[in-house]
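> Before I ask anything, let me first share the structure, which is written out below as structure tokens.
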Amino acid sequence: MSAESRWAIRVDAPGGFEKLRWVRLPCEVLRPGEVRVRTESIGVNFADCVVRMGLYESAKKYVGWPIVPGFEFCGTVIECAPGVDLAPGQQVVGITRFGGYATEVVVPAEQVFELPQGWSAREAGGFSVTTLTAWYALRELCKLRAGDRVLVHSAAGGVGLAAMSIVRACGAEAIGVVGAPHKCDAATHAGAAHVIDRSNCDWERALSDLAPGGVDVVLDPNGAATLRASYRHLGPAGRLVIYGFHEMFSRGSGRPNWPKLIWQWLRTPRFDPLQMTNHNKGVLAFNLSYLFDRLDVLAEALRELQGWAEQGLLRPSPTTSFALSDAAEAHRALQGGATVGKLVLVP
Ligand SMILES: NC(=O)c1ccc[n+]([C@@H]2O[C@H](COP(=O)([O-])OP(=O)(O)OC[C@H]3O[C@@H](n4cnc5c(N)ncnc54)[C@H](OP(=O)(O)O)[C@@H]3O)[C@@H](O)[C@H]2O)c1
């Protein structure tokens, strides 16, 4: 590979796993305030699969086609714009609004922070997005306090495990719901006080036994499958946070199942503000890609997360690696719905 080119996984048109193509691209130009990083590990997020299928709104807004997916990485700084307070050779963890599935990325210096001591570059590549998602839901939107009770759906996934660690770091209590028995240990290890395996029980009944008065916060990335029930199990002043709709997709399939998508969309509850006021419950939703427009919030998040990391309260989740050129296999595994923790791509 010449000094002016890099390798990347690019999607030229929406579709299945086969759309993730290994291509050679010119290096990006370094602008003021930016750093160039040689990636050592790149996180895979469910959102990347949604980008690949052509259903991710902010990908259309900010990039269009073709697109190099990828929101996060860990790597070594190889070049800095003048005035940037980093040096070549430093290992950093960072986020990027798309473009992460590449051997080299260029990002504003505010979007990276130094690799915490004792963390491996491999694990750290999958740390940022899930942790920032959980942080934004729990700290920015819900102002989580010690003693609060939080229900986390898909508790052994990337966001789920990160949420569990943050709940514990805040002195609150997490109840995790998982979809298979092999996921229970990971959720417990990450900090869940209780884990409900919904594959072998009625999760709502199990939750009512654990929290008869309801919970303070529910994190729900499922969509129509659980939103109504999640709202029902909020206690007084409880908040339901919505940040995903993964049950809209068919497990194991790389392509959208349009009848299922439409049916799930029709089933999605429309929450009534009058009722929410009467019930004293709130419904919130967000998309992290817009956080790139709020660097002040991002800085606050990174400060708090770094503090927890230094105190040993926060660590990267258990991680499974794939070669960057095998990104399709990583997407296939994530969309299979059986993975635990984070998946990363290693160039
Ligand atoms: N709004 C945002 O800014 C934002 C940012 C990051 C992530 N997210 C969302 O958060 C959710 C979790 O993301 P993640 O990357 O951490 O993924 P993940 O939780 O590691 O993996 C997906 C998990 O979701 C469950 N699942 C339910 N339906 C599924 C389906 N049709 N296909 C595959 N898995 C399914 C499975 O767990 P169980 O069977 O155990 O439930 C699976 O293990 C996703 O919905 C993602 O889009 C949103």
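The values are calculated or read from the model by the stated rules, or taken from the named source; none is laboratory data. Everything numeric in this text was worked out from a predicted model, so none of it was measured. Neighbour counts run over all protein chains shown; Cβ positions are idealised from the backbone, glycine included. Note: accessible area is taken over every heavy atom of the protein model, side chains too, but ligands, DNA and RNA are not part of it. Shrake-Rupley method; radii C 1.70, N 1.55, O 1.52, S 1.80 Å.
> Quickly run through segment 271-305 and pick out the residues that are touching a strand residue (DSSP E or B) at 6+ places or on another chain (Cβ under 6 Å) and under 20 Å from L144 (Cβ atoms).
Answer for segment 271-305, where residues must be touching a strand residue (DSSP E or B) at 6+ places or on another chain (Cβ under 6 Å) and under 20 Å from L144 (Cβ atoms): N280, K281, G282, V283, L284, A285, L302.
> Could we say that E72 is in contact (Cβ under 8 Å) with a residue 12 or more places away in the chain, within 16 Å of the ligand (Cβ to nearest atom) and of a type in the set (D, E) here? Break it down stepwise before answering.
On the way: in contact (Cβ under 8 Å) with a residue 12 or more places away in the chain: yes; within 16 Å of the ligand (Cβ to nearest atom): yes; of a type in the set (D, E): yes.
In short, yes.
> Separate question: Open to solvent by 20 Å² or more (accessible area, probe 1.4 Å), touching a residue at least 12 places away in the same chain (Cβ under 8 Å) and touching a Gly at 6+ places or on another chain (Cβ under 6 Å): does that describe T319?
Here the answer is yes, as T319 does meet what is asked.
> Out of all the residues in segment 31-47, is one or more within 14 Å of the ligand (Cβ to nearest atom), closer than 22 Å to N222 by Cα and in contact with a Cys (Cβ under 9 Å, 6 or more places away or on another chain)?
yes
> Let me ask something else. Being within 13 Å of the ligand (Cβ to nearest atom), more than 21 Å from E140 (Cα to Cα) and surrounded by 13 or more Cβ atoms within 10 Å (Cβ to Cβ) is the requirement here; does A328 meet it? Walk me through it before giving the result.
Details: within 13 Å of the ligand (Cβ to nearest atom): no; more than 21 Å from E140 (Cα to Cα): yes; surrounded by 13 or more Cβ atoms within 10 Å (Cβ to Cβ): yes.
No; evaluated as a whole, the condition is false for this residue.
> Run Q335 past the list (1) within 25 Å of V92 (Cα to Cα); (2) buried (at least 18 other Cβ atoms within 10 Å of the Cβ); (3) within 11 Å of the ligand (Cβ to nearest atom); (4) not aromatic (F, W, Y) and report the number of the one that doesn't hold.
(1)
> Output the residues belonging to segment 268-299 that are under 27 Å from P69 (Cβ atoms) and either without any contact (Cβ under 8 Å) to a residue 24 or more places away in the chain or of a type in the set (A, V, I, L, M) (or both). Give the derivation first.
At the first step, the residues of segment 268-299 found to be under 27 Å from P69 (Cβ atoms) are 268, 284-299.
Passing the criteria: L284, A285, L288, L291, D293, R294, L295, D296, V297, L298, A299.
> Can we say R228 is more than 9 Å from the ligand (Cβ to nearest atom) and among the basic types (K, R)?
The answer is yes for R228.
> When you scan segment 121-207 for helices (runs of 4 or more DSSP H) that lie fully inside it, which ones turn up with 3 or more residues that are open to solvent by 10 Å² or more (accessible area, probe 1.4 Å), within 13 Å of the ligand (Cβ to nearest atom) and farther than 20 Å from G223 by Cα?
184-190
> I'd like to verify a number: residues in segment 231-253 that are within 11 Å of the ligand (Cβ to nearest atom) and either open to solvent by less than 10 Å² (accessible area, probe 1.4 Å) or not assigned by TED's automatic domain parsing to the domain that holds V152 (or both), how many?
1
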